[in-house]
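A.B. asks: Pasting a structure here, questions to come.
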Amino acid sequence: MKTPSWEPSPGALVAWLNANRQARPVDLWTIVLLGGTVLRYSGGDVPITVDGTTWALGPGIQRGTRTQTIGTSVDTLSLTVLADASVLVGAVPILQALAKGLLTGATVTLERAFLDATATCQGTVPDFYGRVGACKVGRSSATLEVRSHSELLDVMIPTELYQPGCRNTVFDAACGLAAAAHTVAGVTAAAGDATRRTITSTSAAVVAKATAWADLGVLTFSSGLNTGVSRTVRSHVLATGTATVAAVFPFPLAIGAGDAFSLRAGCDKTKALCTTKFANLVHFRGEPFVPAPETIT
């Protein structure tokens, strides 16, 4: 038996299962979106509370084929989600959220809860953990594939690369900078355009930043239809007291006037920007003087 993820005391679940052959197993689904929003759904016909945390009734989630192997192969679990417009992710119906990509990259945890005759949970056991991959949405259902995190091992690159640009990811442990110190908050000055990529803002903290400060940074909404959704910034321009920020890819839903957001500084991984913008040259991990490739003709 797998090690329980929760039980009243060490060994309690195994002892209870040995003494009670009429246990009722129920699936517990925990979905964490990239923006940090946590969705918890019970696979039973009633909400399930375990150690103070409740898995509510939500969409019908049916498990399909599952592949699990020993080793570093990528395990997969296929799911069918059945729901109507009353099941929401924030303010958006869940099937619409799936179609718009709001759940792309979200982590999914499947646990099995064991209930007694009074529907009291006696313990939970982890069953599957992975990230949302391919998704196909229909009128009343969606099918999606959850892939284990071992798929991240498929990246075929060496540990270290010699290159002009910095090998750090800005604000990671090697970079050493704090993301919060380089993030500002604001609200949109008007509704977004039809592309759902561009916003304008006159918020004091946002217009205090110079043009290009947020280029290659991150724009994240904290209110409105796109709450919790982030996009990489393509361009950031300040003109006549108004900041215009354009994302690389469109947001899934319409941007409204007054939607709150956070804007994080970007980095182009060059020595010059690391020095002038962040004063962080001591942590720069690039080789800016590597000769450019040359071809003899």
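The values are calculated or read from the model by the stated rules, or taken from the named source; none is laboratory data. None of the values given here were measured: they were computed from a predicted structure. Counting neighbours? That spans all protein chains shown, and the Cβs are built from the backbone with ideal geometry, glycine included. The protein model used for the area step is the full one, side chains on, heavy atoms only, and it has no ligands, DNA or RNA in it. Shrake-Rupley method; radii C 1.70, N 1.55, O 1.52, S 1.80 Å.
A.B. asks: From 28, 39, 33, which residue is under 26 Å from residue 81 (Cα atoms) and free of Cβ contacts under 8 Å to residues at least 60 places away in the same chain?
C.D. replies: Sole residue among the options that is under 26 Å from residue 81 (Cα atoms) and free of Cβ contacts under 8 Å to residues at least 60 places away in the same chain: 39.
A.B. asks: So residue 193 clears everything in (1) in contact with a Phe, Trp or Tyr (Cβ under 6 Å, 6 or more places away or on another chain); (2) open to solvent by 50 Å² or more (accessible area, probe 1.4 Å) except one condition, right? Which one?
C.D. replies: The one condition residue 193 does not meet is (1).
A.B. asks: Which residue pairs have Cβ atoms closer than 7 Å, lie 6 or more positions apart in sequence or on different chains, and pair a first residue in region 209-234 that is under 18 Å from residue 189 (Cα atoms) and assigned to a loop (DSSP other than H, G, I, E, B) with a second residue that is hydroxyl-bearing (Ser, Thr, Tyr) and at pLDDT 95 or above?
C.D. replies: Taking only residues 6 or more apart or on different chains, the pairs are 222/262.
A.B. asks: Pick from 201, 222: which is under 24 Å from residue 36 (Cβ atoms), among the polar types (S, T, N, Q) and either surrounded by 20 or more Cβ atoms within 10 Å (Cβ to Cβ) or touching a helix residue (DSSP H, G or I) at 6+ places or on another chain (Cβ under 8 Å) (or both)?
C.D. replies: Only one candidate passes the filter, namely 201.
A.B. asks: Ok, one more. How many of the residues in region 52-105 are over 18 Å from the mean Cα position of the chain (by Cα), of a type in the set (Val, Ile, Thr), within 16 Å of residue 135 (Cα to Cα) and at pLDDT 90 or above?
C.D. replies: So the answer is 4.
A.B. asks: Next question, about the same structure. Within region 87-102, take every residue that is without any contact (Cβ under 8 Å) to a residue 60 or more places away in the chain and not in a helix (DSSP H, G or I) and give me the one that is most open to solvent (accessible area, probe 1.4 Å).
C.D. replies: 88
A.B. asks: Please return the ranges of strands (runs of 3 or more DSSP E) entirely within region 1-86 where 1 or more residues are among the hydroxyl-bearing types (Ser, Thr, Tyr) and touching a Ser or Thr at 6+ places or on another chain (Cβ under 6 Å).
C.D. replies: The qualifying strands (runs of 3 or more DSSP E) are 24-32, 60-67, 76-82.
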